[in-house]
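Participant: Take a look at the following structure, please.
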Amino acid sequence: MRSPQRFALIGSGFIGQVHAANLAVHPGVELALVCDIDAARAEAVAQRYGAQAASVQQALASDAIDGVLIASATPTHADLLEQAVTAGKAVYCEKPIDLSLERAREVVEKISPVQVPITVGFNRRFDRSHQQLKAQLRQGVVGRTELIQMVCRASELPPLSYLQSSGGQMRDQAIHFFDLLRWLTDDEVTTVGAMGAALAMPEIRDFDVDTSVLIMRMQQGALAQLDNTRRTAYGYDERISVMGSAGMLASESQSVRGATLYQAQGIIQPGLYADWFSRVRETYYTHLDAFLRHIAGETVADLPGLQDGLRAQAIAEAAQLSLTRGEFVEV
């Protein structure tokens, strides 16, 4: 049996605690250290999972640490990624690599020659229905891809403080679907047009949108659409359909478990998941598992890497520019 990989978690906020729970239960990894600028929070999370609180410097300098999971605030990702790779650690880095595409490219260029396992947190690739869609596309069951339609509609607005520091809807929410689009089609986006508005939270109109529609052209000729909202009145709604020359595949929105009621006056079906996290919770563990298998030497085809991070972010930057200019922008 292989010894468990000893990991340090950097960042113990909401998403950091999701990762902490997964690191603590996975048989192939040991959560050894927890680092956070909030020392009390780091200590609390560490105690919960039998780990120790430590500084980032202590974690990166420790020969006993094999890997680092970066779940801290986005502006810290690039520096921490560079430091961890330079220290020879395997790295799972939450997306995006940096809010600045230029800075992200600079860091990736610098660390790429270092041969350590790295993955970027595009966990949506590990959604079971999206994985099935991808497998059937690989088999060619719908022929040549012609039209992709994607829906990402979050159920509840995040706090204003989060929106102010998120980098905007394109970099924070839509970026997952830019990655899914590339991954599902094995193709690249060449042109993007975006239109958006602050309809659910008008007070953010000076710096962001909460509702947007995008049109994209792919290198091999297919067209793609994506609509994003920060708030629905009916639950978390995530859908992807791919129409090809021989049919269509769809990964539909998923309902919570429950019976469908049939009566003379109508049919009542179970509702959608209440929020995004309920739908995608298991994808974080599945992504971690895939990364650990990669570290162990297994070939994992769907594991997102540094270049995936850069390419999805390049689409996000073009989409943001399109929102500002009101015209199509080349990626």
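The values are calculated or read from the model by the stated rules, or taken from the named source; none is laboratory data. On a predicted model such as this, the values are computed, not experimentally measured, just so you know. All Cβ positions, glycine included, derive from the backbone under ideal geometry; neighbour counts span all protein chains shown. We work out accessible area using only protein heavy atoms, side chains counted, and drop any ligands, DNA or RNA first. Shrake-Rupley method; radii C 1.70, N 1.55, O 1.52, S 1.80 Å.
Participant: Relative contact order for segment 1-107 using alpha-carbon pairs under 8 Å, separation at least 6, rounded to a whole percent? Walk me through the numbers before you get to the answer.
Facilitator: Details: 195 pairs, mean separation 27.6, N = 107.
The normalised contact order for segment 1-107 reaches 26 percent.
Participant: Name the residue farthest towards the positive end of the dipole of the chain from the options Ser212, Gln131, Leu33, assuming +1 on Cβ of Lys and Arg, -1 on Cβ of Asp and Glu, about the Cα centre.
Facilitator: Checking the options against the dipole of the chain, the answer is Gln131.
Participant: Once the other residues with Cβ under 13 Å from the Cβ of Ala78 are scored (Lys, Arg +1; Asp, Glu -1), what is the net sum?
Facilitator: Working: positive: Lys95, Arg103, Arg105, Lys110; negative: Asp79, Glu82, Glu94, Asp98, Glu102, Glu106, Glu109.
Taking every other residue near Ala78 into account, the sum is -3.
Participant: Rounded to the nearest 500 deg cm²/dmol, what is the calculated helix-only ellipticity per residue at 222 nm for the chain, with -39500 (n - 2.57) per DSSP H run of length n ≥ 4? Each step should come with its number before you reach the end.
Facilitator: Details: 10 runs with 117 residues, N = 331.
So the helix-based figure for the chain works out to -11000 deg cm²/dmol.
Participant: On to the next question. Can you put Phe14, Phe178, Phe207 in order of accessible area, largest first, using a 1.4 Å probe? Show your work: numbers first, answer last.
Facilitator: Details: Phe14 125, Phe178 0, Phe207 90 Å².
Descending order: Phe14, Phe207, Phe178.
Participant: May I ask you to derive the relative contact order of the chain, considering only C-alpha pairs under 8 Å and at least 6 residues apart, and to give it as an integer percent? Write down the numbers at each step before the final one.
Facilitator: Details: 659 pairs, mean separation 60.3, N = 331.
Normalised by residue count, the contact order of the chain is 18 percent.
Participant: Here is a further query. Compute the signed sum of charges (Lys and Arg +1, Asp and Glu -1) over the other residues within less than 14 Å, Cβ to Cβ, of Asp98. List each step's numbers first, then the result.
Facilitator: Details: positive: Lys95, Arg103, Arg105, Lys110, Arg171; negative: Asp79, Glu82, Glu94, Glu102, Glu106, Glu109, Asp172, Glu317.
Around Asp98, the surrounding residues sum to -3.
Participant: Indicate the gyration tensor shape class of segment 186-331 (rounded, prolate or oblate), computed on the Cα atoms with a ≥ b ≥ c the square roots of the eigenvalues: a/c under 1.5 is rounded; otherwise a/b larger than b/c is prolate and the rest oblate. Mind dumping the intermediate values first?
Facilitator: Details: a/c = 1.60, a/b = 1.12, b/c = 1.43.
Oblate, because a/c is 1.5 or more while a/b does not exceed b/c.
Participant: Taking the 0 to 90 degree range and rounding to the nearest ten, how far is the long axis of helix 128-138 tilted relative to the main principal axis of the chain, both from C-alpha atoms?
Facilitator: 70
Participant: Using alpha carbon centroids, what distance separates segment 1-22 and segment 196-224, in Å?
Facilitator: Distance between centres, Cα-based: 33 Å.
Participant: For segment 168-314, give the magnitude of the charge dipole about the Cα centre (Cβ charges: +1 Lys/Arg, -1 Asp/Glu; no others), in debye to the nearest 20. Don't skip to the answer; put the middle values down first.
Facilitator: On the way: 12 positive and 19 negative charges, 47 e Å.
That gives segment 168-314 a dipole magnitude of about 220 debye.
Participant: Something else: Could you work out the longest stretch of the chain that avoids the GluC sites (Glu not before Pro) located in DSSP loops with at most 10 other Cβ atoms within 10 Å? Don't skip to the end; give the middle numbers.
Facilitator: Working: sites that count: Glu298, Glu327.
The longest uninterrupted stretch comes out as 1-297.
Participant: Right, another one. Work out the length of the dipole vector of segment 115-223 about its Cα centre, built from +1 on the beta-carbon of each Lys and Arg and -1 on the beta-carbon of each Asp and Glu, and round it to the nearest 20 debye.
Facilitator: Details: 11 positive and 12 negative charges, 95 e Å.
The dipole magnitude comes to about 460 debye.
Participant: Nearest 5 percent is fine: what portion of the DSSP beta bridges confined to the chain is antiparallel? Can you show the working numbers first?
Facilitator: On the way: 34 of 60 bridges.
Here the antiparallel bridges make up roughly 55 percent for the chain.
Participant: Between segment 141-179 and segment 245-306, what is the separation of their alpha carbon centroids in Å?
Facilitator: Comparing the Cα centres of segment 141-179 and segment 245-306, I get a distance of 15 Å.
Participant: Given Cβ point charges of +1 (Lys, Arg) and -1 (Asp, Glu) and nothing else, what value in debye, to the nearest 20, does the dipole of segment 1-98 about its Cα centre take?
Facilitator: Numbers: 6 positive and 10 negative charges, 60 e Å.
The calculated dipole for segment 1-98 is roughly 280 debye.
Participant: Next question, about the same structure. For helix 39-48, what angle does its Cα long axis make with the longest principal axis of the chain, in degrees from 0 to 90 and rounded to 10?
Facilitator: 90
Participant: Among Val91, Ala197, Ile295, which residue has its Cα furthest toward the positive end of the charge dipole of the chain, with +1 on Lys/Arg Cβ and -1 on Asp/Glu Cβ?
Facilitator: The listed residue farthest towards the positive side: Ile295.
Participant: I'd like the accessible area for Tyr49: 1.4 Å probe, protein heavy atoms, all chains in place, Å² to the nearest 10.
Facilitator: 70
Participant: I'd like the accessible area for Leu288: 1.4 Å probe, protein heavy atoms, all chains in place, Å² to the nearest 10.
Facilitator: Counting only protein heavy atoms, the figure is 0 Å².
Participant: Give me the aspartates and glutamates in straight-line cross-link reach of Lys110: C-alpha distance below 17 Å, same-chain residues under 8 apart excluded.
Facilitator: Candidates past the 8-residue exclusion: Asp79, Glu82, Asp98, Glu102, Asp308.
Participant: Along the charge dipole of segment 215-262, which of Gln225, Ser251, Tyr262 sits closest to the positive end, that is, farthest toward it, with unit charges on the beta carbon of Lys, Arg, Asp and Glu (+1, +1, -1, -1)?
Facilitator: After comparing all options, I get Gln225.
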